[in-house]
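The values are calculated or read from the model by the stated rules, or taken from the named source; none is laboratory data. Note that the structure is predicted; figures quoted are calculated from it, not measured. Cβ sites come from the backbone with ideal geometry, for glycine too, and all protein chains shown count toward neighbours. With ligands, DNA and RNA removed, areas are computed over all heavy atoms of the protein, side chains included. Shrake-Rupley method; radii C 1.70, N 1.55, O 1.52, S 1.80 Å.
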Amino acid sequence: MQVSKSFKQVIFLELAIPVALLIIGIYHGLMQTIYRAGVLHQTSFAKLDYYQGLTLHGVINALVLTTFFAVAFGHVTMAFYFKKEPNRKLMWLSFWLMLSGVLMAAWAMLAGKASVLYTFYPPLKAHPLFYLGAALLIVGSWVPLFDWAVMYNGWKKENQQNKTPLAVLGTLINFIIWFVCTLAVAYEVLVLLIPWSMGWTDTVNVNLARTLFWFFGHALVYFWLLPAYIMFYTILPKIAGGKLYSDLAGRVALFLFLLFSIPVGVHHQYSDPTITQGVKFFHGMLTYGVAIPSFITAFTIAASLEYAGRERGSKGLFGWMVKLPWFDESKYLFAYFISGLILFVFGGVTGIINASYSLNNVVHNTAWMPGHFHMTVAGPVFLGIIAMSLYIYSKLSGKRVFLPKLNTIIPYLWVIGMLIFSFGMSWGGLRGEPRRTNLGTSYLNPDNALFRSDWVPTTLLALLGGIIMFIAAMMFIVIFFGTILSKKKEEGVLEIPVSEAYHDEKRVPLFDRFKPWLVAMIVILLLAYVPALLNVNKNSGPKAPRFNIDNPVPQVSAKK
Ligand code: HAS
């Protein structure tokens, strides 16, 4: 499909800016493993503080890259399936809002005025521009949803009896989840944090802020995941040489995310005394609910891949695995997607362990946690994002991928690095190694009385994994920018592989309508969050003054 120059420009910028920022984000990831392994015994390196680096790492990789990509991929999906470009002015408006937000937050972080990590929990306090920047990034990402909804309604009027394309359904569901969950964080930022950061209030309700953050925070992880799921359902089977095993299974899974992505946030707060056991139990049960669409996905995609392997002439029970296009450079998306799926098996299992109220006590706030989430957000999510960014760019620009053989190897190198890293982190976590801590200044410094020799092997494994991942990521950066700098070879077009369904079940109206699901979503949300907020209101205690990240003493005394 031919698209306008303006459409191409927005998409190029939305893909290339975050990939360029990744250089900073990934560098600080490597630095984390270096500090934590005790290679450095200091609090800063190259004029950047440990927590400043950790904030840059989390914000760039987990918030900026993911949000820009979700918006760009959404535009591409809508334009491709509806054969019509989204509103140009709104595309640019969304882009400029997001970019100005990122610039504001970047300034605050680089100036050392926002070392509050990507969760920006108070009583850590950031410069107002950090919060304002985050708010603008979010508002900018809201804009396309309203335009896409108009496009969808127009299409639906003319296609009443046709199934909504799965990728469109997934995009709309994802951005509805995003819109609803970000309302809570918008309230947190605008009503609690900005006035406090501006000095208009002296103290802040930490428990309320945490609860509002996690209303947003767990749904955030599915906002990261769903673009990858859209790729797995609608692109991967085709690339693998087969068909999507069941189209209906994909629809069921996506709608279940609409129900369960948000009302689970309290599983991040099992240790918060403000919230009672009953509420924690309910959120815990719903957390098992939100794993169901991923189990559906695991079986559906595995069946689709088995079909593809058999179509490619495999024999025996597991022969299909060998026949898949693991190293086919013309199908490099396969290598990235399968690598993400392999990591997600471990990411999913560790997530289910976290969800258990009792097991969570063992792993909460330990290195286990980054072990878990790197196999999710830095697994299928990251690999899906970088692969698809390269694919969309190369198709839209008409340029060939630079160093194609090397490109096919990158995801496997990433998997090796990630498995070593996450094994080290998870093992360390089980031995009590804390997360978000510069271990090099104390526990991993042999000259310090607190030295923990049993954390040497675990942090060294994480370091080794970190180095391998860093190399893989830098190879990708070379390939991405090498592609941008190469010569145009053909006419740039908007093209996405589309998987046919093996079981193309007849249209089930319930799985092609939003209203019943939206009503159910609101009911479950109220059941999960009204009691949680009542708890917080009742049990919060005095509000907190400011604390700095490297000092256990409050910066000003608390007012009751
Ligand atoms: Fe999580 C903490 C529970 C999924 C990210 N999670 C985090 C944090 C992050 C994060 C960033 O219950 C830390 C937040 C912080 O900073 O404090 N998580 C879960 C559960 C799931 C889950 C139950 N998490 C994710 C995803 C993330 C993510 C997805 C990012 C994208 N997580 C928790 C809990 C905590 C938590 C607690 C809080 C802990 C605490 O104490 O702080 C589930 O959604 C997982 C379901 C997944 C599966 C796996 C399905 C497998 C698939 C692959 C199939 C493979 C194939 C290939 C087909 C059931 C789909 C086969 C072919 C071959 C050839 C082999």
Residues located in the stretch 151-183, provided they are open to solvent by 10 Å² or more (accessible area, probe 1.4 Å) and small (Gly, Ala, Ser):
GLY154
If only one of VAL76, VAL139, VAL116, VAL168 is assigned to a loop (DSSP other than H, G, I, E, B) and touching a residue at least 24 places away in the same chain (Cβ under 8 Å), which one is it?
VAL116
Those residues of the stretch 511-540 which are without any contact (Cβ under 8 Å) to a residue 60 or more places away in the chain and either open to solvent by less than 80 Å² (accessible area, probe 1.4 Å) or closer than 30 Å to LEU439 by Cα (or both), in sequence order:
PRO516, VAL523, VAL530
Positions within the stretch 243-300 being among the charged types (D, E, K, R) and within 12 Å of the ligand (Cβ to nearest atom), in sequence order
ASP272, LYS280
Any residue in the stretch 285-298 that is open to solvent by 80 Å² or more (accessible area, probe 1.4 Å) sitting within a Cβ distance under 8 Å of a residue that is part of a helix (DSSP H, G or I) and near the ligand (Cβ under 8 Å from one of its atoms)? List the pairs, counting only those 6 or more apart or interchain.
TYR288/ILE352; TYR288/ALA355
Can you tell me which residue in the stretch 212-224 is nearest to LEU65 (Cα to Cα), limited to those that are open to solvent by 10 Å² or more (accessible area, probe 1.4 Å) and within 9 Å of the ligand (Cβ to nearest atom)?
TRP224
Flag for ILE496 being within 23 Å of the chain's Cα centre (by Cα), outside any helix (DSSP H, G or I), surrounded by 15 or more Cβ atoms within 10 Å (Cβ to Cβ) and among the hydrophobic types (A, V, I, L, M, F, W, C)
yes
Tell me whether the stretch 547-554 contains one or more residues that are touching a helix residue (DSSP H, G or I) at 6+ places or on another chain (Cβ under 8 Å) and more than 30 Å from LEU413 (Cα to Cα).
yes
For a quick check of your reading: which helices (runs of 4 or more DSSP H) sit entirely within the stretch 313-394 and have at least 3 residues that are within 9 Å of the ligand (Cβ to nearest atom) and surrounded by 20 or more Cβ atoms within 10 Å (Cβ to Cβ)?
332-355, 368-374
Which is away from the ligand (no atom under 14 Å from the Cβ), surrounded by fewer than 24 Cβ atoms within 10 Å (Cβ to Cβ) and at pLDDT 95 or above, of ASP147, ASP202?
ASP147
Which condition from (1) outside any helix (DSSP H, G or I); (2) over 22 Å from GLY25 (Cβ atoms); (3) without any contact (Cβ under 8 Å) to a residue 60 or more places away in the chain is the one that LYS157 breaks?
(1)
